1. Which value, in Å² rounded to 10, gives the accessible area of Phe65 with a 1.4 Å probe and all protein chains present?
2. Taking amide H positions as placed in the peptide plane 1.01 Å from N, state which residues far from Gly13 in sequence (5 or more) or on other chains have amide H under 5 Å from it.
3. What is the calculated FRET efficiency for Leu43 to Arg7, with r their C-beta to C-beta distance and R₀ = 25 Å, to the nearest 0.05?
4. Just to be sure I understand the model, the point goes 7 Å from the Cα along the line to the Cβ. What's the resulting Gln33 to Ala88 distance in nm?
5. Indicate the gyration tensor shape class of the stretch 29-75 (rounded, prolate or oblate), computed on the Cα atoms with a ≥ b ≥ c the square roots of the eigenvalues: a/c under 1.5 is rounded; otherwise a/b larger than b/c is prolate and the rest oblate.
6. Whole angstrom only: what separates the Cα centroid of the stretch 43-62 from the Cα centroid of the stretch 1-31?
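The values are calculated or read from the model by the stated rules, or taken from the named source; none is laboratory data. Since the structure is predicted, the reported quantities are computational estimates derived from the model, not experimental observations. Please note: Cβ atoms are built from the backbone with ideal geometry, for glycine as well, and neighbour counts cover all protein chains shown. Just the protein is used for accessible areas: all its heavy atoms, side chains included, with ligands, DNA and RNA removed. Shrake-Rupley method; radii C 1.70, N 1.55, O 1.52, S 1.80 Å.
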Amino acid sequence: MATSILRNLLGTGTVFAFPGSMIGAFLAGWLYQKFKKPLLAVLGEVVGTGLVGALVAVPLAMLLFGKGGLMLFIPSFSASAVVGAALAYVLVRALWPVISWEIEWG
(Lines give C-alpha, C1' and ligand atoms only; values in the text may rest on other atoms or scores of the structure.)
Protein backbone atom coordinates (compact mmCIF):
# COMPACT_ATOMS: atom_id res chain seq x y z
CA MET A 1 0.00 0.00 0.00
CA ALA A 2 2.89 2.33 0.76
CA THR A 3 4.20 1.90 -2.79
CA SER A 4 0.77 2.72 -4.22
CA ILE A 5 0.60 5.88 -2.12
CA LEU A 6 4.10 6.89 -3.22
CA ARG A 7 3.24 6.24 -6.89
CA ASN A 8 0.13 8.41 -6.58
CA LEU A 9 2.01 11.20 -4.82
CA LEU A 10 4.67 11.17 -7.55
CA GLY A 11 2.01 11.21 -10.27
CA THR A 12 3.02 7.82 -11.73
CA GLY A 13 0.05 5.82 -10.46
CA THR A 14 -3.72 5.92 -10.30
CA VAL A 15 -6.33 4.82 -7.81
CA PHE A 16 -6.25 1.46 -9.61
CA ALA A 17 -2.75 0.86 -8.22
CA PHE A 18 -4.23 0.02 -4.82
CA PRO A 19 -6.23 -3.16 -5.47
CA GLY A 20 -3.65 -4.66 -7.80
CA SER A 21 -0.62 -4.02 -5.67
CA MET A 22 -2.18 -5.14 -2.41
CA ILE A 23 -3.52 -8.41 -3.81
CA GLY A 24 -0.31 -9.13 -5.71
CA ALA A 25 1.91 -8.43 -2.70
CA PHE A 26 -0.30 -10.54 -0.43
CA LEU A 27 -0.32 -13.51 -2.80
CA ALA A 28 3.43 -13.28 -3.42
CA GLY A 29 4.17 -13.15 0.31
CA TRP A 30 1.74 -15.94 1.14
CA LEU A 31 3.15 -18.26 -1.53
CA TYR A 32 6.72 -17.55 -0.46
CA GLN A 33 5.88 -18.09 3.21
CA LYS A 34 4.13 -21.38 2.43
CA PHE A 35 6.64 -22.88 -0.06
CA LYS A 36 9.90 -20.88 0.41
CA LYS A 37 10.36 -20.63 -3.37
CA PRO A 38 11.10 -17.19 -4.84
CA LEU A 39 9.71 -18.20 -8.24
CA LEU A 40 6.34 -18.95 -6.64
CA ALA A 41 6.40 -15.47 -5.13
CA VAL A 42 6.96 -14.08 -8.63
CA LEU A 43 4.05 -16.13 -9.92
CA GLY A 44 1.89 -14.91 -7.02
CA GLU A 45 2.72 -11.30 -7.83
CA VAL A 46 1.85 -11.71 -11.51
CA VAL A 47 -1.41 -13.62 -10.88
CA GLY A 48 -2.42 -11.45 -7.92
CA THR A 49 -1.75 -8.14 -9.65
CA GLY A 50 -2.26 -9.02 -13.30
CA LEU A 51 -5.43 -11.08 -13.02
CA VAL A 52 -7.08 -10.75 -9.61
CA GLY A 53 -6.14 -7.08 -9.21
CA ALA A 54 -7.48 -6.34 -12.69
CA LEU A 55 -10.76 -8.06 -11.84
CA VAL A 56 -11.07 -6.01 -8.65
CA ALA A 57 -10.31 -2.78 -10.52
CA VAL A 58 -13.28 -3.21 -12.88
CA PRO A 59 -15.99 -2.43 -10.27
CA LEU A 60 -13.90 0.53 -9.13
CA ALA A 61 -13.79 1.82 -12.71
CA MET A 62 -17.54 1.28 -13.00
CA LEU A 63 -18.05 3.33 -9.85
CA LEU A 64 -15.75 6.17 -10.93
CA PHE A 65 -16.34 6.31 -14.68
CA GLY A 66 -19.59 4.45 -15.29
CA LYS A 67 -17.78 1.86 -17.37
CA GLY A 68 -15.00 -0.62 -16.84
CA GLY A 69 -12.88 -2.43 -19.34
CA LEU A 70 -11.57 -5.75 -18.14
CA MET A 71 -9.69 -6.23 -21.38
CA LEU A 72 -7.94 -2.93 -20.75
CA PHE A 73 -6.92 -3.74 -17.19
CA ILE A 74 -5.62 -7.29 -17.62
CA PRO A 75 -2.90 -6.51 -20.21
CA SER A 76 -1.71 -3.34 -18.48
CA PHE A 77 -1.76 -4.80 -14.96
CA SER A 78 -0.10 -8.01 -16.18
CA ALA A 79 2.66 -6.21 -18.07
CA SER A 80 3.44 -4.07 -15.06
CA ALA A 81 3.42 -7.08 -12.74
CA VAL A 82 5.67 -9.17 -14.99
CA VAL A 83 8.28 -6.40 -15.27
CA GLY A 84 8.18 -5.58 -11.56
CA ALA A 85 8.27 -9.21 -10.43
CA ALA A 86 11.13 -10.03 -12.82
CA LEU A 87 13.18 -7.10 -11.56
CA ALA A 88 12.45 -8.07 -7.96
CA TYR A 89 13.45 -11.67 -8.66
CA VAL A 90 16.78 -10.61 -10.17
CA LEU A 91 17.44 -8.33 -7.20
CA VAL A 92 16.52 -11.00 -4.64
CA ARG A 93 18.70 -13.59 -6.37
CA ALA A 94 21.64 -11.15 -6.39
CA LEU A 95 21.18 -10.37 -2.70
CA TRP A 96 20.19 -13.90 -1.62
CA PRO A 97 23.42 -14.65 0.32
CA VAL A 98 22.86 -11.58 2.49
CA ILE A 99 19.08 -12.05 2.75
CA SER A 100 19.25 -15.72 3.69
CA TRP A 101 21.92 -15.02 6.31
CA GLU A 102 19.76 -12.29 7.84
CA ILE A 103 16.71 -14.56 7.87
CA GLU A 104 18.67 -17.37 9.50
CA TRP A 105 20.53 -15.30 12.10
CA GLY A 106 18.01 -12.52 12.59
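1. Phe65 has an accessible surface of roughly 130 Å² with all protein chains in place.
2. Here Asn8 satisfy the definition.
3. On the way: r = 23 Å, r/R0 = 0.91.
For R0 = 25 Å, the calculated efficiency reads 0.65.
4. So the two model labels end up 1.4 nm from each other.
5. Details: a/c = 6.31, a/b = 3.02, b/c = 2.09.
Note, shape of the stretch 29-75 comes out prolate.
6. Comparing the Cα centres of the stretch 43-62 and the stretch 1-31, I get a distance of 11 Å.
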